[in-house]
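S.K.: To start, I am sharing the structure in question, which I have written as structure tokens.
The values are calculated or read from the model by the stated rules, or taken from the named source; none is laboratory data. Computed from a predicted structure; not experimentally measured. Please note: Cβ atoms are built from the backbone with ideal geometry, for glycine as well, and neighbour counts cover all protein chains shown.
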């Protein structure tokens with residue numbers, strides 16, 4: 001039976017933990033590899049090793065955060081042992097149900113963590129179950145919910161039928177299982193729990209921009225429904241080099257995918273790619289390219305619901321916007337807001353930013369990636385009439401805009417990027433395989449035209465592809481069209497490009513994108529994990545299967561205990577860089593683990 005410590009004991013043992021000059025007892029930021037991720041499709045949070053929820057937006061992905069200590073905002077929700085401890089943790093297989101586990105000086109305790117799954121669009125339900133695994137356990141619990149990225153304190157606090165209820169800015173909240181918590185000035189609601197061996201205690205936090213249900217959720221029922229929903233949502237992926245990791249990546253992709261079908265690129269904003277370089281962005285939106293990569297990845301082993309989600313979202317946007325398809329959208333298909341600052345400290349080495357300037361860009365390659373996604377769905381007989389109409393729109397858009405400079409996959413200054421044109425050619429060839437003969441011939445002809453233009457203006461004197469007609473440099477993004485399928489003559493150019501990348505951009509089986517400046521590549525940014533996994537697939541198809549496995553395993557290891565991948569990896573410091581978790585990295589990790597288990601294609605002649 002669990003009990004709550006008396007106020008007298010709390011005052012003697014727990015209060016010192018919360019004394020500080022700050023307005024809120026925020027936990028300090030951790031290195032990214034130490035965070036775990038929970039999500040329900042409509043929003044997601046990062047959990048630190050000290051039992052702190054460092055990041056959580058409500059009610060949806062691109063809403064203001066209610067816990068934002070990750071980037072220096074006020075507010076916290078912490079469950080932490082009162083004794084000295086060492087930390088560990090793990091996911092339940094095929095889910096985003098996380099266990100924080102602490103070994104203290106006197107015992108072992110865990111906190112099981114999840115967002116009730118699948119989530120409601122307007123209300124999050126955060127489940128935390130604290131268990132004394134070995135011997136007695138004591139934990140300090142703090143809730144200081146601050147909407148508006150920390151600007152809105154808790155107000156109208158009231159104690160009702162064993163729960164705490166109140167408001168923070170436009171949001172309403174209810175905290176169940178914390179009836180004995182008490183309010184402490186500048187620190188919110190605090191309490192200390194004492195659990196006997198084998199006992200557990202449930203905490204349930206609801207946050208909504210609407211009226212809450214009359215009664216709080218039943219914890220056991222919520223846990224059971226969440227377990228069952230994850231079991232139904234994540235398929236078995238046995239034909240893989242790393243089945244458990246592939247399932248975890250699928251769970252991450254499902255956790256990032258809203259009921260609208262839109263998958264946000266990452267759960268966070270403003271996590272820097274390189275300290276003080278200004279390359280930190282808000283990724284809490286749906287990038288068409290990332291959505292297409294995720295759909296192609298899950299199609300590699302079948303046609304699970306995430307394929308239909310991706311096809312539905314991308315098709316709807318093509319049907320609505322046609323040649324003016326934006327690179328990214330909000331999860332409900334709206335326009336991404338302009339970039340702005342929050343006036344917060346930011347994650348160390350970074351700056352605080354919300355919104356994204358991608359809303360003003362044209363990226364030609366998204367039409368090619370969209371066609372590759374639709375073709376993958378057609379291969380599984382999952383492309384309906386709307387999907388085929390969307391494919392026709394994408395083809396017409398390529399025909400209309402193929403000569404126009406674009407921002408490309410890396411969202412740089414507009415040029416006629418080689419990768420954009422090549423991926424469009426690959427997409428045209430792929431969708432043409434399932435089209436009626438007349439369309440297939442026309443689409444193949446357009447693909448051949450794109451390839452011929454590249455041959456004229458973007459072949460380096462060494463025989464490889466170069467980045468653009470006016471840029472002779474290398475670019476690891478050029479591996480993507482190689483693995484998506486091109487005629488033998490073009491594929492040979494891709495193989496030459498792959499070999500040049502191995503010579504110039506590879507470091508201990510990690511791969512950098514391109515050269516930003518003179519000097520070591522690592523001075524500008526980390527290795528790009530997307531590129532490393534694509535190199536593994538390219539090596540498997542056109543190179544050495546043993547080397548492919550080395551590339552796969554090296555990049556698979558570029559994560560923390562939770563198995564989450566960021567956008568980049570600092571090879572020297574062995575640290576994650578950029579927003580977390582990054583959806584397209586989990587997608588290509590999963591796809592490469594499947595592709596490498598299949599028979600490789602042989603290299604073309606020469």
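S.K.: Among the numbered conditions (1) touching a helix residue (DSSP H, G or I) at 6+ places or on another chain (Cβ under 6 Å); (2) over 30 Å from residue 70 (Cβ atoms); (3) in a helix (DSSP H, G or I), tell me where residue 396 comes up short.
M.R.: Only one criterion is unmet by residue 396, namely (1).
S.K.: Of everything in the range 545-580, what is farther than 25 Å from residue 98 by Cα, free of Cβ contacts under 8 Å to residues at least 60 places away in the same chain and surrounded by 24 or more Cβ atoms within 10 Å (Cβ to Cβ)? Give them in sequence order.
M.R.: If the condition is that a residue be farther than 25 Å from residue 98 by Cα, free of Cβ contacts under 8 Å to residues at least 60 places away in the same chain and surrounded by 24 or more Cβ atoms within 10 Å (Cβ to Cβ), then 551 is the only one that fits.
S.K.: Sticking with this one: Is one or more of the residues making up the range 535-544 in contact with a helix residue (DSSP H, G or I) (Cβ under 8 Å, 6 or more places away or on another chain) and without any contact (Cβ under 8 Å) to a residue 40 or more places away in the chain?
M.R.: no
S.K.: Also, quick follow-up: Condition test on residue 178, is it at pLDDT below 95 and part of a loop (DSSP other than H, G, I, E, B)?
M.R.: Values: at pLDDT below 95: no; part of a loop (DSSP other than H, G, I, E, B): yes.
Criteria not met by residue 178.
S.K.: Suppose the filter is without any contact (Cβ under 8 Å) to a residue 24 or more places away in the chain and surrounded by fewer than 21 Cβ atoms within 10 Å (Cβ to Cβ); does residue 334 pass it? So that I can check it myself, show each step before the final result.
M.R.: Values: without any contact (Cβ under 8 Å) to a residue 24 or more places away in the chain: yes; surrounded by fewer than 21 Cβ atoms within 10 Å (Cβ to Cβ): yes.
Taking the combined requirement at face value, the residue satisfies it.
S.K.: Look through the range 434-461, keep the residues that are assigned to a loop (DSSP other than H, G, I, E, B) and touching a helix residue (DSSP H, G or I) at 6+ places or on another chain (Cβ under 7 Å), and return whichever of them is nearest to residue 381 (Cα to Cα).
M.R.: Pass one, the range 434-461, residues assigned to a loop (DSSP other than H, G, I, E, B): 434-436, 458, 460-461.
Checking which are touching a helix residue (DSSP H, G or I) at 6+ places or on another chain (Cβ under 7 Å) leaves us with 434-435, 458.
Details: 434: 10, 435: 12, 458: 36 Å.
Ranking the qualifying residues of the range 434-461, first place goes to 434.
S.K.: For the condition buried (at least 21 other Cβ atoms within 10 Å of the Cβ), on the phi < 0 side of the Ramachandran plot and over 29 Å from the mean Cα position of the chain (by Cα), what is the one hit in 139, 133, 125? Before the answer, list the steps.
M.R.: On the way: 133 fails: buried (at least 21 other Cβ atoms within 10 Å of the Cβ); 125 fails: over 29 Å from the mean Cα position of the chain (by Cα).
That would be 139, the only listed residue that is buried (at least 21 other Cβ atoms within 10 Å of the Cβ), on the phi < 0 side of the Ramachandran plot and over 29 Å from the mean Cα position of the chain (by Cα).
Let's see how each residue does on (1) within 25 Å of the chain's Cα centre (by Cα); (2) in the same structural domain as residue 57 (by TED's automatic domain parsing); (3) without any contact (Cβ under 8 Å) to a residue 12 or more places away in the chain:
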position	(1), (2), (3)
201	no, yes, no
206	yes, yes, no
210	no, yes, no
215	no, yes, yes
227	yes, yes, no
237	yes, no, no
240	yes, no, no
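S.K.: Please pick out the residue among 177, 119 that is under 30 Å from residue 237 (Cα atoms) and buried (at least 20 other Cβ atoms within 10 Å of the Cβ).
M.R.: Working: 177 fails: under 30 Å from residue 237 (Cα atoms).
Only one candidate qualifies: 119.
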